[in-house]
Structures are given as C-alpha cells and as structure tokens.
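These notes concern the structure reproduced below.
The values are calculated or read from the model by the stated rules, or taken from the named source; none is laboratory data. Small disclaimer: the values here were computed from a predicted structure and weren't measured. Here the Cβ positions follow ideal geometry from the backbone for every residue, glycine too, while neighbour counts run over all protein chains shown.
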Amino acid sequence: MSKAVLMQGNEAAVEGAIAAGMRFFAGYPITPSTEIAEQSAVRLPQVGGKFIQMEDELASIAAVLGASAAGLKAMTATSGPGFSLMQENLGYGMMAEIPCVVVDVQRAGPSTGLATSPAQGDYMQARWGTHGDHPVIALSPSSVLETYTLIIRAFNLAEKYRTPVLFLMDEIVGHMREGVELPRPSDLIINQRKMSFHDGANKQCYYVPEGQYVPAMKPFGHGERYNITGNAHDESGFPTNSSEIAGKLVTRLLDKVEKNTGDIVRVEEYAMDDAETAIVCFGGTARAVMDAVLEARAAGKRVGMFRPVTVWPFPAGQLRARLPQLKRLLMVEHNHGQMLLEVQRAVGREKPVDFLGRVDGTVISPRDILDKLNEMEENGYAQ
Amino acid sequence: MPSDLVHLYMRIDHLPQIWCPGCGNGVIMRDVAVAIHELIEDPALNFNREDFVVVSGIGCSSRAAGYLDFNSIHTTHGRAIAFATGIKFANPKLHVIVLTGDGDCSAIGGNHLIHAARRNMGLTVIAFNNNIYGMTGGQYSPTTPNGDRATTAPYGNVDRPFDIANLAWGAGASFSARGDVYHVRETIDIIKQAILHKGFSFVDVYSVCPTYYGRKNKKGDAVDMLKWQRDNLIPTARYYSMPEGERKGKKRIGILAYNDYPEYTEEYAKVIEACRKTGGEGEEARE
C-alpha cells in the first residue's frame, strides 16, 4: 500500500480509470458527476490521454464509442437525465461490441428531479434502458476505495467481453470524501485489448471460434479494413436480413454475459455466517446498512448484509445459496423498490422479503433501518 | 462489368446498391472514391488507404459507408459526426470522412454539425442532400423548400429550409462548400480540397431524389432534375462572370468559406506537450 490520501468518490473514479488505461474521456457537465469530467480534463493530458467536452450526452457516448473503435480505452460519466440520452448509443455499443465504461452517478429523479440529492432510481434503467434484448454488465461501488478498484474491473470486463460496462455510482459515493490507501500500480491486474482478429484461416472481423463468445478486436487504422454496424450483421460485420444469423447474433450477445456470470458476478457479504436476517443493498446505501448491522448485532440480533457488487447480472445464485439459513430478508435501497423485484424473483415464496426505500432525495440512516427491523419484529415478521 | 474504380474501392459483394433508379447518391459515392483515389495516387502527397475511415449515420446516404472498401462504421441516426470526433481525436493520423444526409446532419444531427464546425477538428463531412427523407418514404426534411410537398406536408411545406453549407459556414466551419451531381468534375475537386483541408470541412452535395421528392413535386425524371442542376447551380468562376441580374434564383457551387483556423487535435497535442514540460504529474508521480 502507498500512503493514504483524501479523495472524493468521483475523483477516485478518474484515478482508477486512468490506472486501468483510460486514455479518452468525452462528457457533458451534469450534477453530481461533473467532478469526473473536471478531473479527467486535468489528468488525461498529463498521461498523454485526451479529454473533450461534447455538445451533449448523445455526442459524448458517440465520441467514446468512436475513440474505442480507434483503439483507446474510453469512458464517459453522467447522471440520470444524461444517462437517459445515452441509451440509444449504449445499445449500439452492445450490438457492435465496442468496449467502454459509462459512469452514472445517480441522483433523485424522475426528470430533473432533485439534482443534488442521492438516489438509486436508475437501477432498472441500467438493465432495460436501451431497446431490444441486450447484454448488460453493471457494477456499483460503496466506498471511495472501492470506486477506484472496481472501475478498473469495469474496464477489464469491458475489454474482455467487448461491451459497454455500466458503473452505477450514486451521489453518496460520488461526493463522499474518505482517506484511502490506493494499491500500487504494479499490484493491479489490467486487461489489454487483443489488437488483432482471431488467428487462423477465418479473418472475419466478427468471427467467434466454436465454444467462445467474444470476437477479437482490431482498431481502425491497424491495417485491416472492416465494417462496424448497429444493424444485425454476420461475421463479416455487414448487415443481414437473415433471421437465422440475426437470431444467432443476439443469442451470442446475451450468452457472453449469461454464460459467464461466474466470472462477472461479485458480491460482498458482511456478518452473514450466522445471519437469520439478510439486509440486501447496493452502492452508497451499504454505509448505513453496515452501521445498522453492527448496532443490531450489539443488541443481539443475527443480522447480516448481502451486497451485490455486480448489480447486473443480479447475483441470484449467491443470494439463493444463503436462503436455507435465513428467516427473512430486508431490501434497502434509495428508490421505490427496484432491486427488490430481482430479490423477490430470486427468493420466490421461500422466505419473506420486506422493503425499506426512499424517493425524497434524503439518505436512509442507520436509525431508519433499525426502526424497520424493530417494526418487522413487532409485526412478527409477517409477509 | 464493374469499372476498375469499382473493383478498387467498392465492396463488390455488397453491390448492386439499394438506391432507386435515378438516385444521385451513387454519383456522390463515386465522387468520393475518385477523390480519395486521386489523393492516394498523387506522388506529392502521402495518403495511405488504410488511414481512411468512412463514418455514416442512418438514411439513404448512410448506406454508402458499407459499399466503400475502407475502414467503415455505420452508426446511429444523426450521430455520425460525434462518432467521427471520437475516432479522429483518438487517432489524428486517420482521415475521417463522414457521409451523411440532409436529415441526418441538419435535423437529428444538427447540433453535432454546428459544434463540429465550431470546434474545427479535421473531419470531412459530405452531405448527400436530396431534400427529403428517402429511406422512410418521402417526408419533408430541413432542406425541403417552403411550399413543396412531401408525405408529411400533403398541403405544401410550411417550414422554411436550411441552406446547410451556409449553416456550417455560419457556425464557424473553416471550410464550407457546395457541390452537386451534375457538375461531377467540379464536385470531385471540391471533395479533394475538403479532404486536404486541415481543419473541419463540410461539403453540401445536392443530390436528386426522383422517386420521392421529384415525383411529389412534379420535377420530372432524374434527367430533368439533373438539367435543373445544370441550369441553376453555377460553378464559381462562371457565377461571378454572370451579370448580377442573371444570378437571381441561382446558387453558386464551389468553396464558400475558407480559413486556416488552428486544428483541434493539433491544439490539444500542444496541451499534452505543455503538461509534460511543466511537470504535470504523470502516473508514476503518484507513488
């Protein structure tokens, strides 16, 4: 470990991204993500990278995809309204298989909402925001240090699976300042893009060998001419109207995430070994949940925290593995019940699932959670 | 048999193209191929075919990117210029050419056009301007003249049109020009100069759409529409030699605006250099 520094979550996102190899950022100012653009503007030219402020979020994500196609690791950052604007091109990135990282520092919505207030209302949008069936990988950090390390993982997954990876922060983590000891660069694992097409006879740019899911990527300007499109396309990268080829393509895109959940999905479990009550949460909400777990434990309650770090795909298998020991679950999130739907889907009718949420732009406190636990107890944990 | 040019620069497997008989888009696509060919063949220049990237959006025009045998990317509606900005900035040695349409670059993508013009990054944007949305079957576009008909202007277009070359000029483009599909040689030369231009360059090429725009507005067939271009779109030298009274109702083709403003990627390279010189800390400095 190197020496401790005081760092803001948004700043950690930039430092982590640069450590991961980010050399291109295109963005548009929006609270509470703006510091990510500001810090990128300062830091990127220092490491030979490029920063550009675009005319809007539509252009930002487009420029990021273009830069990635030209060979640079690229990122943009925004919040809810801008994230809405980016949805069409996010789907383009998934269809054309162009890696990048898109940070959404969530704020209270809908619409302009409460621009400076925390929320986690973009959870379902992250999964279903762009049209059509598509693969989604989304990660969500709960501390400044984790923002640094997890965004490196976001870049690694983007490169490995050739897809945009969503980095779902929230205002709590984005604007939080903490003392952190960053890992040494030599201790980091960084995936580099394979700069050539698959070896062998088949030089088609979207050729995927049997049993694999991801075509190799060669950036523009490296000697081989090829075509990229958002249309349904064959292995050559050209549009097709063949239902067979289109169906195979979309299935492969979905499979490359769904068949690799073991590699992609990570959770954090805290005091879960003997827990009878699991509090499920993600992102900045975990801070209050941790406190509440400690206090509940001090009062003799067997409570633990189950936190998806990979929020999409949802870690249903890991949660189900805990069900035999659990008597009940409590979902705590800064929205009206979004991850709750995934928890209910995973748990089914096996155990009762209760819910605590907020949509007023204020943070859920440890007290709120403890009160909820007491209320559940008083009600006899009725479903 | 396809010509040598087609063999050299087009993806034969993907021909014939989908454009309607009489469409002007094939002429513009050929103009682009000839312009690039002449630049590559010029021994005084150092143009490498692999350094060309053709970027398009959505619409009739945007099919051209797939037919041309270069690095090519067919993007989303209106966003081609924004994708191209990322490509060029990431790798400034690339010659990035955007093929777009009147709807793609001045309606849904209008914001990207004016900001790219202002920013002056070295992109070349070529608009296939046919005064209509062809791909969706003939709706009025930002360049459909006032009073003309379209499927969404059944009683005549109430909107007033853009002159896109003037729009780009007004937005600060360091190179803005106008061409058409009748004056082929002149238009090829304009496209060559646009590609050679260091900063942002825009060429508004007037195409013809006999199938939708022409038919709806009783403009005759493709030949009649080309004759209209011959009589009303006048190359620069001749335009200025005409008596002023004769210029009325006619438009000049040629270069409208030319400036040597600093190019964006070169200016940013100076920022990177300055950061390094003044000891802006690099990655290692953090340890």
Legend entry - Residue match in region B:36-43 (condition: under 29 Å from residue B:223 (Cβ atoms), at pLDDT 95 or above and touching a strand residue (DSSP E or B) at 6+ places or on another chain (Cβ under 9 Å)): yes
Inset, instruction - Residues being in contact (Cβ under 8 Å) with a residue 24 or more places away in the chain and within 7 Å of chain A (Cβ to nearest Cβ): count how many of those fall in region B:75-88. - result: 6
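Okay, residues lined up against (1) closer than 30 Å to residue A:141 by Cβ; (2) of a type in the set (S, T, N, Q):
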residue: A:159; (1), (2): yes, no
residue: A:173; (1), (2): yes, no
residue: A:189; (1), (2): yes, no
residue: A:205; (1), (2): no, no
residue: A:218; (1), (2): no, no
residue: A:225; (1), (2): no, no
residue: A:240; (1), (2): no, yes
Inset, instruction - Return yes or no: is residue A:1 at pLDDT below 95, hydrophobic (A, V, I, L, M, F, W, C) and in contact with a strand residue (DSSP E or B) (Cβ under 6 Å, 6 or more places away or on another chain)? - result: yes
Inset, instruction - Output the residues belonging to region B:42-72 that are among the acidic types (Asp, Glu) and more than 14 Å from chain A (Cβ to nearest Cβ). - result: B:42
Legend entry - Residue check for residue A:372: surrounded by 17 or more Cβ atoms within 10 Å (Cβ to Cβ), without any contact (Cβ under 8 Å) to a residue 60 or more places away in the chain and over 12 Å from residue A:280 (Cα atoms): yes
Inset, instruction - Could you identify the single residue in A:32, A:81 that is without any contact (Cβ under 8 Å) to a residue 60 or more places away in the chain and either of a type outside the set (Ser, Thr, Tyr) or buried (at least 24 other Cβ atoms within 10 Å of the Cβ) (or both)? - result: A:81
Inset, instruction - Considering only residues that are within 7 Å of chain B (Cβ to nearest Cβ) and in contact (Cβ under 8 Å) with a residue 40 or more places away in the chain, look in region A:215-230 and name the one that is nearest to the chain's Cα centre (by Cα). - result: A:230
Legend entry - Test: residue in region A:4-22 that is of a type in the set (Gly, Ala, Ser), within 21 Å of the chain's Cα centre (by Cα), more than 7 Å from chain B (Cβ to nearest Cβ) and over 18 Å from residue A:152 (Cβ atoms): no
Legend entry - Answer residue from region A:40-53, given it is at the interface with chain B (Cβ under 7 Å from one of its Cβ atoms) and either among the β-branched types (Val, Ile, Thr) or surrounded by 24 or more Cβ atoms within 10 Å (Cβ to Cβ) (or both) and is farthest from residue B:86 (Cα to Cα) among those: A:47
Legend entry - Answer from A:164, A:141, A:209 - the residue that is free of Cβ contacts under 8 Å to residues at least 60 places away in the same chain and on the phi < 0 side of the Ramachandran plot: A:209
Legend entry - Residues (within 7 Å of chain B (Cβ to nearest Cβ) and in a helix (DSSP H, G or I)) located in region A:54-63: A:58, A:59, A:62, A:63
Inset, instruction - Scan region B:19-33 residue by residue and report those that are surrounded by 18 or more Cβ atoms within 10 Å (Cβ to Cβ) and either hydrophobic (A, V, I, L, M, F, W, C) or in contact with a Ser or Thr (Cβ under 8 Å, 6 or more places away or on another chain) (or both). - result: B:19, B:23, B:24, B:25, B:27, B:28, B:29, B:31, B:32, B:33
Inset, instruction - Restrict the check to region B:89-101 and report whether at least one residue is touching a residue at least 40 places away in the same chain (Cβ under 8 Å), away from chain A (no Cβ under 14 Å) and surrounded by 24 or more Cβ atoms within 10 Å (Cβ to Cβ). - result: yes
Inset, instruction - Please tell me if residue B:39 is in a loop (DSSP other than H, G, I, E, B), away from chain A (no Cβ under 12 Å), surrounded by fewer than 24 Cβ atoms within 10 Å (Cβ to Cβ) and not basic (Lys, Arg). - result: no
Legend entry - Count - residues of region A:273-289 that are buried (at least 20 other Cβ atoms within 10 Å of the Cβ) and not β-branched (Val, Ile, Thr): 8
Legend entry - One residue from A:292, A:286, A:321 being in contact with a Leu (Cβ under 7 Å, 6 or more places away or on another chain) and at pLDDT 95 or above: A:292
Inset, instruction - Can you work out which of the residues in region A:192-214 that are at pLDDT below 90 and either within 14 Å of chain B (Cβ to nearest Cβ) or assigned to a strand (DSSP E or B) (or both) is farthest from the chain's Cα centre (by Cα)? - result: A:204
Inset, instruction - Could you check how many residues of region A:145-190 are more than 26 Å from residue A:121 (Cβ to Cβ) and among the polar types (S, T, N, Q)? - result: 2
Inset, instruction - Go through region B:1-27 and give me each residue that's farther than 22 Å from residue A:239 by Cα, modelled with pLDDT of 95 or more and part of a helix (DSSP H, G or I). - result: B:27
Legend entry - strands (runs of 3 or more DSSP E) wholly inside region B:144-247 containing at least 3 residues that are among the small types (Gly, Ala, Ser): B:175-180
